[in-house]
Each structure stands twice: as C-alpha cells, then as structure tokens.
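Inspection log for the structure reproduced underneath, given as structure tokens.
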C-alpha cells in the first residue's frame, strides 16, 4: 500500500502529461494537415493539464523539487534557522490546507452543475484535482519537514 501511495502522483501526472501531449499533437496534425480537427480534444487536454499541474505539485514536493533559498538560511544561527523553518512551514501549510484543500473543495462543489460545452463533462471532475493535489502535497511536505528537522536538529 505504501509503495502504491508513493508512486500514485507520479503515475497520474505522467499519464496526464502524456495524454495532453498526444491529444494536442494529434489535433494539430489533423487541423493543419487534414483540415479536420477533433473538437473535444481541447476539453480533455485542458482537464488533463489541470490534473497534471495539481498532482504534479505533489510529485515535485515529494522530491523536494520546489525552489527554495537555502544559501542564506544555512548561514543563519541555529535558533534563527529553526524560526525560519517554522515560518516557512506555516506559510506552506496555509497555502496547502486553506487554498488548495479548502478553497479547492469549495470550487469543486460550486462547479458541480457546470458541464463542458462539447462533452458535457462535469467541471467537478476537473476541479477536484485541486484538493486532491493539496492533500497529497500536504502529506509529502509533512514527511519532508519531519526528515529535515531530524537531519538539522537531531532525532
């Protein structure tokens, strides 16, 4: 179960990005070579891109792949490094829990009656990627934060 959880976001993000590239490429070929594009590909590509972005955030957080300013933080004395880490963690948790999870859930609920124009796909299936990505990212951030505190400040 742990292995599946650790690779879930990687698999979903990879599949979404691959499908976006394939759908967009095929539609470009059909539009410019055969002058006959497929109308629904943009809807699917947009939905998959949203899933790719918000699940991909989790995948990047798992690898600690987000940009940080480590140079100056490492030069600080230990008490200020701790304070800096706490302030950073509070800010990140605010964004993840309030913005992604809470507001993302509200967005998904508010769009439950709205459908895409061509396929009639409910926007809640697209927008639910925001809170799911937020939950996964929060879990990965918490694990990384615990690891960094253990390394920096001892067990």
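Quick one: which of 87-96, 45-54, 120-129 comes out on top by average Cβ neighbours within 10 Å, and what's the full order, highest first? Walk me through the numbers on the way to the answer.
Working: 87-96: 13.9, 45-54: 20.2, 120-129: 17.8.
My ranking of the peptides, most packed first, is 45-54, 120-129, 87-96.
Tell me the angle of helix 78-93 to the major Cα principal axis of the chain, expressed in degrees between 0 and 90 and rounded to the nearest ten.
Roughly 30 degrees, rounded to the nearest 10.
Given that compact globular proteins tend to follow 2.2 N^0.38 Å, what is the ratio of the alpha-carbon Rg of the chain to that value?
Relative to the 2.2 N^0.38 Å estimate, the chain comes out at 1.31.
As I understand it, the value is the acute angle between the Cα axis of helix 41-62 and the longest principal axis of the Cα atoms of the chain; what does it come to in degrees, rounded to 10?
So the helix axis and the longest Cα principal axis differ by about 10 degrees.
With a 10 Å Cβ neighbour count serving as the proxy for reagent exposure, in which order, fewest first, do 132, 4, 21 appear?
Values: 132 21, 4 8, 21 12.
Result, fewest neighbours first: 4, 21, 132.
Quickly estimate the mean residue ellipticity at 222 nm for the chain, helices only: each DSSP H run with n ≥ 4 gives -39500 (n - 2.57), and the total goes over all residues, rounded to 500.
Details: 7 runs with 112 residues, N = 155.
Using -39500 (n - 2.57) per qualifying helix, the result is -24000 deg cm²/dmol.
Read-outs: derived from the displayed coordinates by stated rules, not from any lab. Keep in mind it's a predicted model, so treat the numbers as computed, not measured. When we count neighbours, we look across all protein chains shown, and the Cβ atoms used for this are built from the backbone with ideal geometry, even at glycine.
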